[in-house]
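This report refers to the structure that appears directly beneath it.
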Amino acid sequence: MHNPASAEEPPLRIDAIRPPTGTGTRAQGKTWSIEDCIEYAVENNPEIRIRETECAIANRNLASEKLKMLPYVEISFPTNMYWGKSVNINDLEIISGKLNFSSSMSVSASMNIFNGLRTFNSIRSMKKSYELSKYMKDIAVNETELSIIQAFLQVLSDKMLLEIAENGYNAMRQQVSAAEKLAGSGALAYGSLAELKSGLASEKVGLTEATFNLKSSWIRLKELMNIPYDTEMEIDGYNASGETVPPPYIPDIDIIYANALKMPQIKHAEAELEKNEIETMIAKGSFMPSVSVSAGYGSYFTISDIPVKSQLALNASPSFSIGISLPVSNYPSAALEVKTRKLMSEKLEMQISQGKKQLYGELVKILNDTYSYYEQYIESVENERAMQESFRYVSEKFALGMSSATDLVLAKSRFDEASAKMVTAKFRYLFQLKIIEFYIRPR
């Protein structure tokens, strides 16, 4: 039977359920620590892989946007062929009934030197998009880590619940076996035997349910780690049945809150606001004129008595130009875009403020729940001890014929229920401690 540890024992650190690092493995048949599971999931979880791909795409888009700052350079070598009547471009002589051709070459470059800083701000906007993609990846990593911790502890919890169910079933089966012998000799009424068999059937149902719950917990953990469901694996830490848990030691709420503000969820929201402000500057740049410069060098030659080199020198034509364009018809749409962006900034600012308030409230609730869950665990330990003692007492009375089978089955059911509640309370509290560890971890 399950025998919980005394609440007065020296408390163990939460690391009691977290085995030493370096013992995990990525191979089937080995033992996995909670850190191993988190590390493997971060490396192989499909959602995180998608976020990493988005980061790579955003980085490529940023590089592409930076290339727009470079001048546009073009080199051309057009060649023209003539037959019938044509004009020799060197001496303007009319050529008739003779194949002729001319060729030219040119190099040109153009560049926007001012366009309302739209290109510069577009690069800044792309940098923010890259930051946002990295924050989204960090969010996915954090969510995966918390999910792995919860699934890992759930497997441990369901293992202990299965052990309780197995012990309860075996104990009741022994009671039924002994009762069958007594009933056969006439020392026990068949009605009492029937009551015990009914209790055995209930224990069997509980055992089946506990087995199913453990399988479901394994499936959830393997799903998060992205490994096949039929992979045989074992997790370390299933030595906690005789261990107590540490009492809550929690820093000041303001310290936790200040550290939580560095989390990627908050940083992502702030980066969204900054990106929208940059997009507002891009929209304002549409009101400004654009200035561009271009320069080129070209020449040509034809088939004639003049050497090609001389023709190229004589026909050379360098060029340089400056262009200024003033936007006119796009003013209404640009003005509307600026107003929309300003409204979006106000919305994002309110969302950030509301998000921070919600975060603070969530942290307060987490701390309150942690103390509450610890008290519930301590009470569940005492309740389980009381139910165990009650079951022991009823069992002794039943063996002496001073208690009915109904009383025995009821006492056994209450003891099993108390044991299950104790295990559930224990791991719920341990997960709460893990959440606090997550929030106070340096970032």
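The values are calculated or read from the model by the stated rules, or taken from the named source; none is laboratory data. Everything quoted here is computed from the prediction, not taken from an experiment. Positions of Cβ are generated from backbone atoms using ideal geometry, with glycine treated the same way; all protein chains shown enter the neighbour counts.
Per-structure values
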read-out: Strands (runs of 3 or more DSSP E) contained in region 54-122 and holding at least 3 residues at pLDDT below 85 and out of contact with any Pro (no Cβ under 6 Å at 6 or more places or on another chain); value: 79-82, 100-114
read-out: Residue under evaluation HIS268, criteria (1) at pLDDT 90 or above; (2) loosely packed, with under 15 Cβ neighbours inside 10 Å, criterion not met; value: (2)
read-out: Tally of residues being within 19 Å of SER110 (Cβ to Cβ) and either more than 60 Å from the chain's Cα centre (by Cα) or among the aliphatic types (A, V, I, L, M) (or both) across region 302-320; value: 1
read-out: Qualifying residue in region 340-347 (condition: within 22 Å of ILE149 (Cα to Cα) and either among the charged types (D, E, K, R) or touching a helix residue (DSSP H, G or I) at 6+ places or on another chain (Cβ under 8 Å) (or both)); value: no
read-out: Selected residue [modelled with pLDDT of 85 or more, under 40 Å from the mean Cα position of the chain (by Cα) and surrounded by 14 or more Cβ atoms within 10 Å (Cβ to Cβ)] from MET172, MET225; value: MET225
read-out: Restricting region 196-216 to residues that are touching a Leu at 6+ places or on another chain (Cβ under 8 Å) and closer than 18 Å to GLU180 by Cα, the residue that is surrounded by the fewest Cβ atoms within 10 Å (Cβ to Cβ); value: GLY199
read-out: Single match in SER292, SER333, SER299 (criterion: under 50 Å from the mean Cα position of the chain (by Cα) and crowded, with 16+ Cβ neighbours inside 10 Å); value: SER292
read-out: Residue check, SER177 at pLDDT 85 or above and surrounded by fewer than 22 Cβ atoms within 10 Å (Cβ to Cβ); value: yes
read-out: Inter-residue pairs, beta-carbon under 7 Å, first more than 12 Å from GLN265 (Cα to Cα) and in region 346-361, second in a helix (DSSP H, G or I) and of a type outside the set (A, V, I, L, M, F, W, C), 6+ apart; value: LEU348/GLU272; LEU348/ASN276; TYR360/TYR257
read-out: Only one of ASN259, ASN167, ASN213 that is assigned to a helix (DSSP H, G or I), modelled with pLDDT of 85 or more, among the polar types (S, T, N, Q) and farther than 30 Å from ILE435 by Cβ; value: ASN167
read-out: Flag for TYR371 being among the hydroxyl-bearing types (Ser, Thr, Tyr) and crowded, with 21+ Cβ neighbours inside 10 Å; value: no
read-out: Given (1) part of a helix (DSSP H, G or I); (2) buried (at least 16 other Cβ atoms within 10 Å of the Cβ), index of the condition ARG392 fails; value: (2)
read-out: Set LYS128, LYS137: member being in a helix (DSSP H, G or I), farther than 30 Å from PRO327 by Cβ and either touching a His at 6+ places or on another chain (Cβ under 6 Å) or modelled with pLDDT of 95 or more (or both); value: LYS137
read-out: Condition met for ILE256 (closer than 30 Å to ASN121 by Cβ and hydrophobic (A, V, I, L, M, F, W, C)); value: no
read-out: From LEU132, LEU156, LEU146, LEU161, residue being surrounded by fewer than 18 Cβ atoms within 10 Å (Cβ to Cβ) and not acidic (Asp, Glu); value: LEU146
read-out: The lone exception for SER147 - which of (1) free of Cβ contacts under 8 Å to residues at least 40 places away in the same chain; (2) under 14 Å from the mean Cα position of the chain (by Cα) it fails; value: (1)
read-out: Condition met for ALA283 (under 30 Å from ARG118 (Cα atoms) and in contact with a helix residue (DSSP H, G or I) (Cβ under 8 Å, 6 or more places away or on another chain)); value: yes
read-out: Meets criteria (crowded, with 17+ Cβ neighbours inside 10 Å, at pLDDT below 85 and of a type in the set (Gly, Ala, Ser)) for ALA399; value: no
read-out: Filtered residues of region 175-209 (kept if at negative phi and assigned to a loop (DSSP other than H, G, I, E, B)); value: SER185, ALA187, LEU188, ALA189
read-out: Hey, SER202 within 45 Å of the chain's Cα centre (by Cα) and at pLDDT below 90 or not; value: yes
read-out: Looking only at region 215-230, and only at residues there that are touching a residue at least 40 places away in the same chain (Cβ under 8 Å) and not small (Gly, Ala, Ser), the one that is nearest to ALA41 (Cα to Cα); value: MET225
read-out: In region 402-440, residue surrounded by the most Cβ atoms within 10 Å (Cβ to Cβ) [restricted to those that are hydroxyl-bearing (Ser, Thr, Tyr) and over 25 Å from SER147 (Cα atoms)]; value: SER419
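To keep it simple, each residue is scored yes or no on (1) part of a helix (DSSP H, G or I); (2) under 48 Å from the mean Cα position of the chain (by Cα).
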| residue | (1), (2) |
| --- | --- |
| PRO246 | no, yes |
| ILE266 | yes, yes |
| ASN276 | yes, yes |
| PHE287 | no, yes |
| ILE322 | no, no |
| VAL338 | yes, yes |
| LYS342 | yes, yes |
| LYS357 | yes, yes |
